[in-house]
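Structure, as structure tokens:
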Amino acid sequence: MADEPYAIELRGICKTFGSIKANRNINLTLKKGEILALLGENGSGKTTLMNMLSGIYTPDAGSVFINGAKVTISSPEDSAKLGIGMVHQHFKLVENFSCADNIWIGARDKGFLLKKDRYKIIEDMASEFGFEIDPRKLVSMMSVSEKQTLEILKVLYYGASVIILDEPTAVLTVQETRKLFDVLRRMKESGHSVIIITHKLNEVMEISDRVAVLRKGEYIDTVVTSETTEKKLTELMVGRKIELNINRPAPNKTKPLLEIRNLTVLNDEGSVAVDDLRFYIRGGEILGVAGIAGSGQKELCEAIAGLRHVERGKIIHKGRNIAGLPPKTIFEAGIAFSFIPEDRLGMGLAPNMSIVDNVILKKYKYGTSPFVDRKSGRVEAEDIVKRYEVVTTSVDAPVRQMSGGNVQKVLLGREINASPNVLITAYPVRGLDINSSYLVYDTLNAQKAKGVGVLFVGEDLDVMMELCDKIMVMCHGRLMGVVRAVNTNKEELGLMMTGALDLVNAKEDKPAGIAVDSALTLEEWEREIEAEDKEVDKND
């Protein structure tokens, strides 16, 4: 009915942190039984707004209405009682508990004893919405998509009629994303309302009914998805026209900067994370690494950068094996690494330090003076803030006070400024808005043009196929295949990511229906590696 109250209505919501106005007079509506996408650049206030709905923050001003009634949300418990559940980008699960027990421990009025039928209850609920999950499986044994499924089941079990999802497809394969979207459509049909925070415009167009746009903490507009385009949405987000094209200049043919031979690396638990991997990083080329989260990408990057022990194998640079050497020794050997890790506030930057201090931290060990050069560090920090449009109160403010996207910009700027000849990037645009993401793509292409070898670990297959020259696919630490980006598609990459298609170890010819030159590309790599092996052997 036309006069039916909204599932959620926000009126004049404001939230300030010190001098930063995160939300200013936000007016937003969510209809019953709809999927609403929430878009905005980094620092536009999307997560802050949703955190107020989930009870993590409370508004400084404004009103919240649930089903037409004015409410006060002062805690996550208040939010849950009102039927609101939020699935955060970083999961909140107990690794040593089963699926069912992770749900059960947070249930209200469950009593002191675990019920024997809890597995059946969770199994029936999962089946109702089309989820595929084993209620008895331990979280520590689950894939990323299974953990996300569990988080959604948790909020549904607790009675949520409004589900908020923060970047739900960030680490999912194409096939897993389709399954998730099928589930969301089924939830919508059952009367649930869904809010998705995402930066992937193609997914916004596919799954949402309406799109709400925020810009610099202010509400801009809500549009019907079927009546808009990706280009129009981008203009609403940024405030100006922007071209959504990734340039891919032809690579310059040079010899490999690094050759990785039969590399085996263990994870933190002592299990094999990278299993007998063999490839090379060529200067003037962007090599993509695709794989489901946890397939060994993190350990691979850290091993190449000298931050993780190499169990077996070699990393060859100009005939010298640098595997296992500390970063300073690698630098002295003539290879300048820049590493943009997945954990930007743990491994990448010191969260309690300022932008200036984090810039200085990168290079103070390699200086010739015992004194820290804070003047040049400040100049570089201010240049990074200006060039990458970092939203911050000051270059002296701790980086932990910035949004995740702005932290990523600082890390990227610092690593690029180090003038590397090998650049290792793990999810460099994760959490970045569209405008910032394209700035990163242009920056990586500029490094490629300078002859830098770029290893690009990514999660958006559309981007990888546009940006990278070749794509290496990993599954459970093993190489599944190498493809030229211009000759592949998402379905084939997805099959390799799940291990359903193995072009490296298959004894038979290329499977029917595979329209890529993967086998040929792999043979080319092997021939070039063999030639390099002979050259290295002569120098040994």
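Would you be able to say whether some residue in segment 119-126 is crowded, with 17+ Cβ neighbours inside 10 Å, assigned to a loop (DSSP other than H, G, I, E, B) and in contact (Cβ under 8 Å) with a residue 12 or more places away in the chain? Within segment 119-126 (the criterion being crowded, with 17+ Cβ neighbours inside 10 Å, assigned to a loop (DSSP other than H, G, I, E, B) and in contact (Cβ under 8 Å) with a residue 12 or more places away in the chain), the answer is no, since none of the residues qualifies. When restricted to residues that are surrounded by 23 or more Cβ atoms within 10 Å (Cβ to Cβ) and in a strand (DSSP E or B), segment 286-303 contains 4. Could you tell me whether Glu459 is of a type outside the set (Ser, Thr, Tyr), under 24 Å from Ile20 (Cβ atoms), modelled with pLDDT under 90 and assigned to a loop (DSSP other than H, G, I, E, B)? Considered against the rule, which asks whether it is of a type outside the set (Ser, Thr, Tyr), under 24 Å from Ile20 (Cβ atoms), modelled with pLDDT under 90 and assigned to a loop (DSSP other than H, G, I, E, B), Glu459 comes out as no.
When Asp396 is tested against (1) surrounded by fewer than 17 Cβ atoms within 10 Å (Cβ to Cβ); (2) at positive phi, exactly one condition is not met: (2).
A single entry from Val194, Val238, Val213 fulfils the requirement of being surrounded by 14 or more Cβ atoms within 10 Å (Cβ to Cβ), under 18 Å from Gly45 (Cα atoms) and modelled with pLDDT of 90 or more: Val213. No other residue among Ile384, Ile360, Ile335, Ile330 is closer than 20 Å to Tyr427 by Cβ and either surrounded by 14 or more Cβ atoms within 10 Å (Cβ to Cβ) or at pLDDT 80 or above (or both) apart from Ile384.
Restricting attention to segment 342-357, the residues that are buried (at least 20 other Cβ atoms within 10 Å of the Cβ) and either modelled with pLDDT under 85 or hydroxyl-bearing (Ser, Thr, Tyr) (or both) total 3. Looking at the structure I just gave you, is Val473 modelled with pLDDT of 85 or more, in contact with a strand residue (DSSP E or B) (Cβ under 7 Å, 6 or more places away or on another chain) and closer than 23 Å to Arg312 by Cα? Criteria met by Val473. Annotation for segment 165-184: no member residue is among the basic types (Lys, Arg) and under 17 Å from Leu30 (Cα atoms). Taking Asp276 as the residue in question, decide whether it is surrounded by fewer than 17 Cβ atoms within 10 Å (Cβ to Cβ) and in a strand (DSSP E or B). Yes: the conditions hold for Asp276.
On the phi < 0 side of the Ramachandran plot and assigned to a helix (DSSP H, G or I): does that describe Lys363? When the stated conditions are applied, Lys363 passes them.
Taken over segment 175-196, the residue count meeting the criterion of being β-branched (Val, Ile, Thr) and closer than 17 Å to Ala7 by Cβ is 3. Against the numbered list (1) out of contact with any strand residue (DSSP E or B) (no Cβ under 8 Å at 6 or more places or on another chain); (2) assigned to a strand (DSSP E or B), Arg240 comes up short only at (2).
Taking segment 1-70 and the strands (runs of 3 or more DSSP E) fully enclosed by it, the elements with 3 or more residues that are among the β-branched types (Val, Ile, Thr) are at 8-17, 20-30. Of all residues in segment 407-431, exactly one satisfies the criterion of being part of a helix (DSSP H, G or I), surrounded by fewer than 23 Cβ atoms within 10 Å (Cβ to Cβ) and polar (S, T, N, Q), namely Asn417.
The values are calculated or read from the model by the stated rules, or taken from the named source; none is laboratory data. All values reported here derive from a predicted model rather than from experimental measurement. Heads up, the Cβs are rebuilt from the backbone with ideal geometry, glycines too, and the neighbour counts pull from every protein chain shown.
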